[in-house]
Amino acid sequence: MPLSQHAAGSRWAGFRLLIPCLLVAMLCGPHGTVHAEVSTPPPVDACALLTQADVEAVYGSVVGAPNPKSTGRAPVWVSMCNFDNAHTDAPMLSVGLLVKPHGAADPAHAYAGYVDELRRALGEVAVPVSVEGLPGPAGWDGDTGQLTLFVGPYQVILTSLGRFAGDRLSLATQLAELVVGRLSLP
């Protein structure tokens, strides 16, 4: 039996009212308050934050020219810069920097969410060891050689792989301090 034009119009009117209600429900938190939009910083150039000279000075090894890569644009972007010494006779060294906006209200909430997500996805073994003394919450994963730092609106990830002298966390911390010193923080 065909629907009358009036019945079809009423059904559509109900859907049109339902869509704004669903949008409001998605924006509201568990306590019924609307979340404020978190502003994100404009994209940065990771290779401007970490230079070939920085890597060579900290690790005491020659590396090649930076290999930059960026994707996206505000508000969702990622900037990477990688260095390696694959074309030298020195023991293998690869250092990478990734910078992106974390999108949380503050660095502490961003770090807590990051750790919770690692725990949920990969279990306790993936939770980084907390690192003190940096300008924001940070964690170290010795198995992957990865230092993750949340400072201002940014998530900064430094990774180092290879054979080199020195404590990997100490060297990554030195690079993190250089990077943070060059970040334009609001």
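A short reminder: the numbers here are calculations on the coordinates, not readings from a lab. Just so you know, these numbers come straight off a predicted model, no measurement behind them. Ideal geometry is used to build each Cβ from the backbone, glycine not excepted, and the neighbour counts take in all protein chains shown.
Below are the figures for this structure:
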{"item": "Inter-probe distance in nm under a simple model that places probes 7 Å from Cα toward Cβ, at HIS87 and ASP45", "result": "2.0 nm"}
{"item": "From phi via Karplus (6.51, -1.76, 1.60), per-residue ³J(HN,Hα) for the stretch 88-95 in Hz, x at Gly/Pro", "result": "10, 8, 6, x, 3, 9, 9, 10"}
{"item": "Cβ crowding within 10 Å averaged over residues, with 121-128, 173-180 ranked highest first", "result": "173-180, 121-128"}
{"item": "Pair VAL76, ALA53: separation of 7 Å Cα→Cβ label points (nm)", "result": "3.8 nm"}
{"item": "Theoretical gain in end-to-end length, ARG182 to ASP106 [0.36 nm per residue, Cα-Cα removed]", "result": "25.4 nm"}
{"item": "Computed FRET value (nearest 0.05) for ARG120 with SER94, which takes r as the C-beta separation and R₀ as 22 Å", "result": "0.15"}
